[in-house]
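Enquirer: Here's a structure for you.
The values are calculated or read from the model by the stated rules, or taken from the named source; none is laboratory data. Nothing here was measured: the structure is a model prediction, and the numbers come from that model. Neighbour counts run over all protein chains shown; Cβ positions are idealised from the backbone, glycine included.
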């Protein structure tokens with residue numbers, strides 16, 4: 001059943017790197033604020049070391065993760081096995097937002113395949129690593145990534161992406177500060 005690990009060891013690293021989807025959850029400090037949970041794909045998650053991870057954040061309809069991290073830094077990543085052997089792994093930590101163009105973004109970008117619509121790189125210092133059985137998680141077959149999001153931003157171009165971030169990613173659902181795009 002459930003186990004807590006001291007760090008992301010080689011076995012966990014291998015298992016996490018095989019997963020095609022992960023989920024990111026954050027919440028504002030306000031008790032009546034909205035909790036956010038976002039699915040992510042595109043081979044966008046990297047384990048930097050046994051206590052630090054990062055993912056390439058693409059421009060989307062909301063800005064909750066960025067806003068919550070800027071407010072309080074709390075983040076959890078969840079990975080589920082949808083294949084034969086059930087398992088769930090959670091990485092709890094303190095997250096940091098590194099916007100496109102920042103020195104930290106440029107340094108971390110070396111770990112990723114650049115994509116149209118990049119907004120930031122979310123980096124997290126991991127404070128707790130745990131797994132659980134996943135017996136209730138259904139089995140699914142991976143058919144491939146959807147290219148819709150990346151193709152959308154590719155077609156619109158960098159200026160339209162920046163304008164979208166400036167206007168539509170300015171605040172979270174709870175009114176917290178989101179992206180501050182130049183322009």
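Enquirer: I need the full set of residues from the stretch 53-76 which are in contact with a helix residue (DSSP H, G or I) (Cβ under 9 Å, 6 or more places away or on another chain) and surrounded by 22 or more Cβ atoms within 10 Å (Cβ to Cβ), in order please.
Expert: Hits for the stretch 53-76 are 53, 54, 56, 57, 59, 63, 75.
Enquirer: Which of the following residues is at pLDDT 95 or above, at negative phi and either in a helix (DSSP H, G or I) or touching a helix residue (DSSP H, G or I) at 6+ places or on another chain (Cβ under 7 Å) (or both): 181, 155?
Expert: Just one listed residue meets the conditions, 155.
Enquirer: Of everything in the stretch 158-169 that's crowded, with 16+ Cβ neighbours inside 10 Å and out of contact with any helix residue (DSSP H, G or I) (no Cβ under 6 Å at 6 or more places or on another chain), which residue is nearest to residue 62 (Cα to Cα)?
Expert: Filtering first and then ranking leaves 169.
Enquirer: Looking at the stretch 137-152, which of the residues that are out of contact with any strand residue (DSSP E or B) (no Cβ under 9 Å at 6 or more places or on another chain) and assigned to a helix (DSSP H, G or I) is surrounded by the most Cβ atoms within 10 Å (Cβ to Cβ)?
Expert: Restricting to residues being out of contact with any strand residue (DSSP E or B) (no Cβ under 9 Å at 6 or more places or on another chain) and assigned to a helix (DSSP H, G or I), the top hit is 152.
Enquirer: Those residues that are in contact with a helix residue (DSSP H, G or I) (Cβ under 7 Å, 6 or more places away or on another chain) and assigned to a strand (DSSP E or B), I need them from the stretch 117-128; list them, please.
Expert: 119, 120, 121, 122, 123
Enquirer: Among the numbered conditions (1) more than 30 Å from residue 166 (Cα to Cα); (2) outside any loop (DSSP other than H, G, I, E, B); (3) in contact with a strand residue (DSSP E or B) (Cβ under 9 Å, 6 or more places away or on another chain); (4) without any contact (Cβ under 8 Å) to a residue 60 or more places away in the chain, tell me where residue 86 comes up short.
Expert: Failed condition: (2).
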